[in-house]
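Heads up: the structure comes next, in structure tokens.
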Amino acid sequence: MLNNLFKWSLNCVIVVSTTLSFSQLETKNSQRFAEVLTYVNQMYVDEVNSDELTEIAINALLENLDPHSSYIPKEDVDDANEKINGSFVGVGIRFQILKDTLQVVHTIPGGPSEKVGLRAGDRIIRIDKDIVANVGLKNSQVREKLMGEKGTKVVVEVLRKGEKKSISFNITRDKIPVYSVDSYYMVRPGIGYIKLNSFSRTSLEEIQNGIQSLRKQGMENLILDLQDNGGGLLYGAQQIADEFLSGNKLVVYSEGKHQPRRDLNAGEKGLWEKGRLVILTNESTASASEILSGAIQDWDRGLIVGRRSFGKGLVQRPIDLSDGAQLRLTIARYYTPSGRFIQKSYEDAEGYKNDLNQRFLNGEFTNADSIKFPDSLKRNTLVTGRTVYSGGGIMPDVFVPYDTSGVNDMYRILSRGGYINSFGLTYLNENRKKIEKQYPDFQTFKVKFEADKNIMDEFFKYVKAENPEFTYTSEEYDFCKDMLHMRVKAGLAQDMWGISEFYQIYNETDEILLKAIKVLEDNSYNQMNLSENN
């Protein structure tokens, strides 16, 4: 009943104008909403929470506008802005809760925890005066206890393997970077690789550092991986595009009812304006990632390899509300340099939510011919005149089908259940010194380590202890064996060294990346008739 009441109240909620000042609110509508809420509070049969009901009404209003306008409650604002800002204030650890125990996976290099001597594998049993072991602790509660104001202190008490007594550390909270570049390395001789997970305030500097490092290692070709990159700051996409585009070329423009056309151009001298460029996309590549991909494609600056991107062409502006909450309101549509509007239709809200699943069922993940664009959506690139399309995302120049080899129900259960990730940390808690002695550096580990029978026996013993009902056949295991072994190895690498090392192992089976490497190595890139004058 309450849900219906507040769906009805959509028309009664405050209407916000372009300047968003209170004097410009529609008084009549706001009074009607206040009236309804007053009567509910005074007369409804059960006790109600006015704050909760107001948030329900706000969310219902925004859902009625478009899929990407959103309301963020005050208590969630800092977390929501963490990736965009590129930093947060805390103690500088990556942690995981295993069997109701808070364990340190990594300390951030140069961070507060590393400075005082906290180590990977330490089990935190107390934060300040609060016991945190065996109390049903949640990730959000850990963050709440460890994060705070810069310069404030927190005491953590840990149990460490080999130590008879617990150890206490007095840690001063500090600014901790949140990196948007997960990994960069030479994926093949002459071919550099950079994995970008989002567009934040620090992304440009991170990309520049990656390019400079890879150039010193002999990079002649660059692969920028935007797979699963859901976007971020619009101007972050502009800045990174400027690293690849020469002159003052248009990167993107936006327009809205209350927003006149705004052009964002290149202009600064970039680090990779010459040299072959490939961008990787998939169905979860969205927003700012599509701005960057669209600009590179429209100017014939590089090749897009992978699968059709998500299709988000709406611009949100963050608006701080008086109570500390935040509104992210769609204010404009953005267009690629050739005039493409790549937002997929959201007239059917339920269809929008299920779009990726429907693409899969339609065969679009495995066959490019299953993707149909009407002629009305055709556009031409700005230098060579190649055909590209508006609507529903960025269509790659080189399509790579979704690879289902090695993935069966057994693998999905192990992956989605979190057993692969959690096993690595559990195994290292008992075998860290042995692994460090046998593989003193990552390159040795990458070349020589194999998930042999002993390790896999340990893995399945761990899974069985966590889930006694889990069973599998030898045929099921043989089908997913290679993929499973790779993920176990990659997970151990991540827990030993970091996310970059994870990708250096995982990427050896990434079909989209492997196709990009082939395109660069077999001269396919040059045959695509891209412009030499960028």
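The values are calculated or read from the model by the stated rules, or taken from the named source; none is laboratory data. From a predicted model like this one, the values you see are computed outputs, not experimental measurements. Please note: Cβ atoms are built from the backbone with ideal geometry, for glycine as well, and neighbour counts cover all protein chains shown. Only protein heavy atoms, including side chains, enter the accessible area calculation; ligands, DNA and RNA are left aside. Shrake-Rupley method; radii C 1.70, N 1.55, O 1.52, S 1.80 Å.
Below, the figures for the structure above:
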quantity: Strands (runs of 3 or more DSSP E) completely within segment 137-251 that count 3 or more residues being over 21 Å from Val315 (Cβ atoms) and free of Cβ contacts under 8 Å to residues at least 40 places away in the same chain; calculated: 153-159
quantity: Among (1) open to solvent by less than 40 Å² (accessible area, probe 1.4 Å); (2) within 27 Å of Ser200 (Cα to Cα); (3) not basic (Lys, Arg), the one test that Leu102 misses; calculated: (2)
quantity: Residues within segment 197-222 that are more than 14 Å from Asp182 (Cα to Cα) and open to solvent by less than 10 Å² (accessible area, probe 1.4 Å), tallied; calculated: 2
quantity: Count - residues of segment 239-270 that are touching a helix residue (DSSP H, G or I) at 6+ places or on another chain (Cβ under 6 Å) and surrounded by fewer than 19 Cβ atoms within 10 Å (Cβ to Cβ); calculated: 1
quantity: Among (1) farther than 21 Å from Gly190 by Cα; (2) out of contact with any strand residue (DSSP E or B) (no Cβ under 9 Å at 6 or more places or on another chain) - the single one Ile499 does not satisfy; calculated: (2)
quantity: Close pairs (6 angstrom Cβ cut-off, 6 or more residues apart or separate chains): closer than 26 Å to Lys99 by Cα in segment 454-482, aromatic (Phe, Trp, Tyr) and surrounded by 11 or more Cβ atoms within 10 Å (Cβ to Cβ) anywhere; calculated: Phe459/Phe423; Tyr462/Phe423; Val463/Tyr419; Val463/Phe470
quantity: Qualifying position, being touching a Leu at 6+ places or on another chain (Cβ under 7 Å) and among the charged types (D, E, K, R), among Arg328, Arg333, Arg359; calculated: Arg333
quantity: Residues of segment 438-493 that turn out to be surrounded by 11 or more Cβ atoms within 10 Å (Cβ to Cβ) and more than 23 Å from Arg412 (Cβ to Cβ), as a count; calculated: 8
quantity: Residue within segment 106-117 that is loosely packed, with under 14 Cβ neighbours inside 10 Å and acidic (Asp, Glu) present; calculated: no
quantity: Failed item, numbered, when Asp122 is tested on (1) within 22 Å of Ile420 (Cβ to Cβ); (2) buried (at least 18 other Cβ atoms within 10 Å of the Cβ); calculated: (1)
quantity: Any hit, segment 137-144, residues being of a type outside the set (Asp, Glu) and open to solvent by less than 40 Å² (accessible area, probe 1.4 Å); calculated: yes
quantity: Of all residues in segment 338-358 being open to solvent by less than 30 Å² (accessible area, probe 1.4 Å) and hydroxyl-bearing (Ser, Thr, Tyr), the one that is modelled with the highest pLDDT; calculated: Ser338
quantity: Hits in segment 302-337 (condition: part of a loop (DSSP other than H, G, I, E, B) and either open to solvent by less than 10 Å² (accessible area, probe 1.4 Å) or among the hydrophobic types (A, V, I, L, M, F, W, C) (or both)); calculated: Gly302, Ser309, Phe310, Gly311, Gly313, Leu321, Ala325, Thr336
quantity: Criterion violated by Phe423 - all others in (1) open to solvent by 20 Å² or more (accessible area, probe 1.4 Å); (2) in a helix (DSSP H, G or I) satisfied; calculated: (1)
quantity: Residue in segment 49-66 that is touching a Lys or Arg at 6+ places or on another chain (Cβ under 6 Å) and either in contact (Cβ under 8 Å) with a residue 12 or more places away in the chain or surrounded by fewer than 16 Cβ atoms within 10 Å (Cβ to Cβ) (or both) present; calculated: yes
quantity: Residue check, Val383 open to solvent by 40 Å² or more (accessible area, probe 1.4 Å) and either assigned to a loop (DSSP other than H, G, I, E, B) or in contact with a strand residue (DSSP E or B) (Cβ under 7 Å, 6 or more places away or on another chain) (or both); calculated: yes
quantity: Scan of segment 359-378 for residues that are touching a residue at least 40 places away in the same chain (Cβ under 8 Å), open to solvent by less than 40 Å² (accessible area, probe 1.4 Å) and in a helix (DSSP H, G or I), ordered by number; calculated: Arg359
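Condition check ((1) among the hydroxyl-bearing types (Ser, Thr, Tyr); (2) under 30 Å from Gln527 (Cα atoms)) across all residues:
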position	(1), (2)
Gly363	no, yes
Phe373	no, yes
Val388	no, yes
Tyr402	yes, yes
Val407	no, no
Met410	no, no
Phe445	no, no
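Per-residue answers, yes or no, for (1) at pLDDT 95 or above; (2) open to solvent by 20 Å² or more (accessible area, probe 1.4 Å); (3) over 30 Å from Tyr525 (Cα atoms):
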position: Arg160; (1), (2), (3): no, yes, yes
position: Lys164; (1), (2), (3): no, yes, yes
position: Ser168; (1), (2), (3): no, yes, yes
position: Ile171; (1), (2), (3): no, no, yes
position: Gly190; (1), (2), (3): yes, no, no
position: Lys195; (1), (2), (3): yes, no, no
